[in-house]
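Okay, structure first, notes after.
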Amino acid sequence: MKIPKSHFLRVMVSAACCLPTSNSAFAHVVITSPSAKAGGYAKLTIGIGHGCDGSPTKAITVTIPIEIIAAKPQIHWNWSSTTKLEKLERPYTSHGTTISERVAVVTFVAKEPVADDRYDELGLSVRVAQDAKGDLVLPVKQECEKGTIEWKDGKEAKSEYPAPKLRVQRNRTEQGNAHSH
Ligand SMILES: [Cu+2]
């Protein structure tokens, strides 16, 4: 038995603690980070639990919902990232600068495709709008060497591939002084 016991236990504990609704949560493409506060910043982690029917993953495209007013992909040694910007309906000020665009789409491309029997995580630093609430839906397109999976919700979506979601909690301090920069 060469598997370190403590690591195995930690995985079991976090699964039991935070994702009680689905025992297949780690076998999907999901957001594994905790919820975010409205009006706050959060680090969002996208876990890639498997490839496309056994085929290695070569690209992940995340559509960022409008309630996320800023997003920065985290640097990862095995992935390069590109972003697509869009105009904000309501520009805001950050560090004295007017922000009028937001990242609407992030594409991560793997330098070495991720095998189906390996797990990986991609990070995003995000800022959530003050009036955001409920579950934010982040549809993901997973492209593999063979095949593609669309992780999305809606009528024509396949229920076995639900879109990753980020739960937003109300900011208790409300409008403002909590994190006004
Ligand atoms: Cu799955």
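Coordinate-derived values only; no laboratory data. None of these values were measured; they are calculated from a predicted model. Virtual Cβ from ideal backbone geometry, glycine too; neighbours counted across all protein chains shown.
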Odd one out for Asp116 among (1) part of a strand (DSSP E or B); (2) among the acidic types (Asp, Glu); (3) more than 30 Å from Arg172 (Cβ to Cβ): (1)
Which numbered condition Asp131 fails, given (1) surrounded by fewer than 18 Cβ atoms within 10 Å (Cβ to Cβ); (2) touching a strand residue (DSSP E or B) at 6+ places or on another chain (Cβ under 6 Å); (3) of a type in the set (Asp, Glu): (2)
Pairs, first under 19 Å from Glu112 (Cα atoms) and in contact (Cβ under 8 Å) with a residue 60 or more places away in the chain in the stretch 129-148, second in a loop (DSSP other than H, G, I, E, B) and among the charged types (D, E, K, R), C-beta under 7 Å, six or more apart: Gly147/Asp53
Strands (runs of 3 or more DSSP E) fully within the stretch 42-98 counting 2 or more residues that are hydroxyl-bearing (Ser, Thr, Tyr) and out of contact with any Pro (no Cβ under 9 Å at 6 or more places or on another chain): 79-94
Residue that is nearest to the ligand (Cβ to nearest atom), among those in the stretch 38-86 that are basic (Lys, Arg) and surrounded by fewer than 18 Cβ atoms within 10 Å (Cβ to Cβ): Lys43
Neighbours by Cβ (under 8 Å, 6+ apart or cross-chain): first from the stretch 33-50, closer than 14 Å to Arg170 by Cα; second within 16 Å of the ligand (Cβ to nearest atom): none
